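Colleague: Below is the structure I would like to discuss, written out as structure tokens.
Each reported figure results from applying straightforward, stated rules to the coordinates on display, with no laboratory input. Predicted, not measured: the structure shown is a model, and the values here were computed from it. FYI the Cβ positions are ideal-geometry reconstructions off the backbone, even for glycines, and counts take in every protein chain you see.
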Ligand code: IVH
């Protein structure tokens, strides 16, 4: 937001007066509040919105004389919309104060200590689920309503929709309190979100922006059967009004009561003794947030003892006994400077955004993918727009969409280019029913460069010192027209290229020379044959031998190799049928590339016990490294992905395993196999009993 405020502030030649800034910020906060709470289509990332509110609050505090009238800072969240009937909460649903970093968290700890006259406080740490707050009211054990938070006092009646959520019981077990309000967060699991978006992509429909939005939109459906298809879940974390039943004197006891009534309580809740433990939990979850199947945006820290909570009290909008430690944002806004198109080694074009640099998700981002032509059109991003950029975990940065309320006048819609951006500039083609636009020109220099870059990359021939820039220099100087030419380079020919002196030229040539002895699977991978990745290449080389043996084997023979199959085998046949490729292999051989090395392969006489099955490994398996355990699974025809889903066959758990994979496996019903029974699983392909 700094972008939003700074730019708007900077747009006028005279500095904005505090009164004007307050008026402008109030309008902006009210606008974005409405988009978020009433229309479920926020344009600004949370962090930018929070910064707007913070700035407004700061100004209102500095200028109490200007702070009169209705300000959005005095209300919590949104107001109830007219679509669903209003419900007044028996106990108001408060918001939480935020700590944006560790010093703010520690400052809260100090305020807490003062508020308790120096007494120690036991704290409970919970994940801050990025979903929608919901209040479920049960009377005599029956669910009577489900209400959103609304403005904290009055929410919306979404009972019919919430009844479709499998996690929400319609009736509590006998012995439940006369009246009990259970509050928590409704969310869409990330796996469901991904699946729905895959389906939307196939159907050419607009994509859901993020799981929180998707959950909010799903709850606002007029037709509950639509909500039901969205497969929402819930984590319960708080009690509202309670009449009768057992008395509880701590938060942990309240959570236990909630769980005993059959509502889902998050398994990651931890009772801790001091702030240092809180800080280390916050760090842990900041790093591991993507190990979970639901989005979290922080850690909520709460005082456990309910008597201490009363002593601490609350401000107008939030309790003093809790704080939300917010993770650094994974979404920010920045200016979209341009949209350009890159060309891959197969000729596929990918539009990408050129951005004003922005620090997001732990690094400075200057470029972000826009996937394909349809995505640009669906998102309607235009050069000059303020856009939301997302970088989550290891995932490549992407443009989420434009901030339409900030769109400058007169921005033209972006047109996909009709010509390849390379110097040849041939016509781009998009086949009927295909999402990708391609350059089909065999001599396209951009494709040629990408093929060489791929050959040299870590997952293929792993040539040290041969990156994108050097490849571009070599091809521009006419020193390499394909990968075989790399093996004709000498220090003399390279020396003199921009940035290359004798020593660096010798180093590059030595790096290329070292790759002559790489194992056959790396050579096969380096060709970039469609569908043939390193895993299938390893299986092929392990079973059939060197590069030529793999290429010359019959299509049927290759397809029999476990983990290969007909599609990959046919693709290899197609590649090998081309004269140019046979010529390339001859030349590589002539230039001393060893096509027969069989290192890193797996034994070929293993039973394919795990064909078509995904086995996830977490923690240490005795007698194995992580890689060798995964290779053992692949060698038996299985796959070994990094995360658990409902389709996982088994989760192997060893020492030092993280809790999150286990939790996920338990939640989606995946069998758990202790690491000391891994060998039995491999041998039989069955879950050891
Ligand atoms: S406690 C008075 N616990 O965060 C305290 N809230 O920013 C009431 N949230 O409105 C909330 N996870 O929607 C609490 N473990 C958690 C939470 C959580 C997510 C949400 C909730 C709340 C918002 C405040």
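Colleague: Rank the residues 24, 289, 677 as a footprinting-exposure proxy: fewest other Cβ atoms within 10 Å of their Cβ go first.
Modeller: Working: 24 16, 289 21, 677 13.
Starting with the residue having the fewest Cβ neighbours, the order is 677, 24, 289.
Colleague: Run the numbers for residue 498 and residue 273: contour at 0.36 nm per residue of separation, minus the present Cα-Cα distance, in nm. Could the numbers behind the result be given before it?
Modeller: Working: separation 225, 0.36 × 225 = 81.00 nm, distance 6.01 nm.
Separation in residues times 0.36 nm, less the Cα-Cα distance, equals 75.0 nm.
Colleague: Okay, next question. Hey, what did the chain get for relative contact order, percent, Cα under 8 Å, at least 6 apart?
Modeller: Dividing the mean separation by the residue count of the chain yields 9 percent.
Colleague: Let me ask something additional. Take peptides 54-62, 367-375 and line them up by average Cβ neighbours within 10 Å, highest first, as a rough protection proxy.
Modeller: 367-375, 54-62
Colleague: OK, next. What number does the stretch 228-338 give for Rg over Rh if you use C-alpha atoms and the Kirkwood radius?
Modeller: Numbers: Rg = 17.3 Å, Rh = 16.7 Å.
Reported Rg/Rh, Kirkwood definition of Rh: 1.03.
Colleague: Length gain on complete extension for the stretch residue 570 to residue 287, per 0.36 nm per residue less the alpha carbon to alpha carbon distance?
Modeller: Taking residue 570 through residue 287 to full extension adds about 97.7 nm, to one decimal.
Colleague: What is the distance in Å between the Cα centres of the stretch 192-231 and the stretch 441-503?
Modeller: Rounded to whole Å, the Cα centres lie 45 Å apart.
Colleague: What do you get when you divide the Cα radius of gyration of the stretch 476-631 by 2.2 N^0.38 Å, with N the number of residues?
Modeller: Numbers: Rg = 18.5 Å, N = 156, 2.2 N^0.38 = 15.0 Å.
This ratio for the stretch 476-631 stands at 1.24.
Colleague: Let me ask something additional. Quick check on the stretch 58-185: take the gyration tensor over C-alpha atoms, sort the square-rooted eigenvalues as a ≥ b ≥ c, and tell me if it's rounded (a/c under 1.5), prolate or oblate. All intermediate terms of the calculation are to be shown ahead of the outcome.
Modeller: Details: a/c = 2.45, a/b = 1.41, b/c = 1.75.
It is oblate, given that a/c is not under 1.5 and a/b is not larger than b/c.
Colleague: Relative to the longest principal axis of the chain, what angle (0 to 90°, nearest 10) does the C-alpha long axis of helix 445-456 take?
Modeller: Between the helix axis and the principal axis of the chain, the angle is about 90 degrees.
Colleague: Here's another thing I want to ask about it. Return the ratio Rg/(2.2 N^0.38 Å) for the stretch 541-602, where Rg is computed over Cα atoms only.
Modeller: The value comes to 1.14.
Colleague: On a full-extension model of 0.36 nm per residue, what is the gain between residue 584 and residue 482, subtracting their alpha-carbon distance, rounded to one decimal in nm? Could you put the intermediate results ahead of the total?
Modeller: Details: separation 102, 0.36 × 102 = 36.72 nm, distance 0.84 nm.
Between residue 584 and residue 482, full extension yields 35.9 nm more.
Colleague: In Å and on Cα atoms, what radius of gyration and Dmax does the stretch 138-229 show?
Modeller: Gyration radius and largest Cα-Cα distance of the stretch 138-229: 15.3, 50 Å.
Colleague: Using R₀ = 56 Å, calculate the FRET efficiency as 1/(1 + (r/R₀)^6) where r is the Cβ-Cβ separation of residue 513 and residue 667; round to 0.05. The partial results should precede the final answer.
Modeller: Details: r = 52 Å, r/R0 = 0.92.
Step by step, r from the Cβ atoms, then E = 0.60.
Colleague: Order the peptides 573-584, 609-620, 127-138 from the highest to the lowest mean number of other Cβ atoms within 10 Å of their residues.
Modeller: Per-residue Cβ counts within 10 Å, averaged per peptide and sorted highest first, yield 127-138, 609-620, 573-584.
Colleague: Kindly provide the pair-distance distribution of the chain built from C-alpha pairs, with 20 Å bins from 0 and whole-percent values in order of increasing distance.
Modeller: 14, 41, 33, 11, 0
Colleague: Further, regarding this structure: Roughly what angle does helix 534-544 make with the longest principal axis of the chain, taking Cα atoms, 0 to 90 degrees, to the nearest 10?
Modeller: Taking the Cα atoms of the chain, the angle to 534-544 is about 40 degrees.
Colleague: Then there's this: How large is the helix-only mean residue ellipticity at 222 nm for the chain, computed as the sum of -39500 (n - 2.57) over DSSP H runs with n ≥ 4, divided by its residue count, in deg cm²/dmol to the nearest 500?
Modeller: Mean residue ellipticity, 222 nm, calculated: -10500 deg cm²/dmol.
Colleague: Give me the angle, in degrees from 0 to 90, between the Cα long axis of helix 579-590 and the longest principal axis of the Cα atoms of the chain, rounded to the nearest 10.
Modeller: Once rounded, one gets 80 degrees.
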